[in-house]
Amino acid sequence: MPLEKTTQTTQKSRLQHILEKNSSGKGVTSEEYKEARKLILNPKYSDKKCCLCFNPMNKSIYDTELCPPHAFYELIRTK
Ligand SMILES: [Zn+2]
């Protein structure tokens, strides 16, 4: 009997996925852009702080390590 493999699934949030796609230069569709914007405007916070903020009070959105303003900046900073 083969052992059940424990595949380590690192599930990325939808927002992180879109931000990564955007920063990779592939760009995002207007649908993805709208989706990301919605996710940033209704953020699910993690316990970590934003990796770009000097203010430790600024919490980051779920797994992006970015606060909402920085996540938004990341989204619009294309090309
Ligand atoms: Zn920030």
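The values are calculated or read from the model by the stated rules, or taken from the named source; none is laboratory data. Quick caveat, the model's predicted, so the values are computed rather than measured. FYI the Cβ positions are ideal-geometry reconstructions off the backbone, even for glycines, and counts take in every protein chain you see. These accessible areas exclude ligands, DNA and RNA; they are computed on the full protein's heavy atoms, side chains included. Shrake-Rupley method; radii C 1.70, N 1.55, O 1.52, S 1.80 Å.
Contact annotation: residue pairs with Cβ atoms under 8 Å, 6 or more positions apart or on different chains, pairing a residue in segment 59-73 that is more than 11 Å from P43 (Cα to Cα) and within 10 Å of the ligand (Cβ to nearest atom) with a partner that is open to solvent by 30 Å² or more (accessible area, probe 1.4 Å) and assigned to a strand (DSSP E or B), are E65/K48.
Filtered by the rule that a residue be without any contact (Cβ under 8 Å) to a residue 40 or more places away in the chain and among the aromatic types (F, W, Y), segment 24-58 gives Y45, F54.
Check segment 23-34 and report whether any residue there is under 14 Å from the mean Cα position of the chain (by Cα), within 15 Å of the ligand (Cβ to nearest atom) and modelled with pLDDT of 95 or more. No, every residue in segment 23-34 fails to be under 14 Å from the mean Cα position of the chain (by Cα), within 15 Å of the ligand (Cβ to nearest atom) and modelled with pLDDT of 95 or more.
Does segment 37-57 hold any residues that are within 16 Å of the ligand (Cβ to nearest atom), surrounded by 16 or more Cβ atoms within 10 Å (Cβ to Cβ) and either of a type in the set (G, A, S) or not in a strand (DSSP E or B) (or both), and which are they?
In the first step, residues of segment 37-57 are kept if they are within 16 Å of the ligand (Cβ to nearest atom); the result is 39-41, 43-57.
This time we only want the ones that are surrounded by 16 or more Cβ atoms within 10 Å (Cβ to Cβ), so: 39-40, 43, 49-50.
Once the filter is applied, which keeps residues that are within 16 Å of the ligand (Cβ to nearest atom), surrounded by 16 or more Cβ atoms within 10 Å (Cβ to Cβ) and either of a type in the set (G, A, S) or not in a strand (DSSP E or B) (or both), segment 37-57 yields L39, I40, P43, C50.
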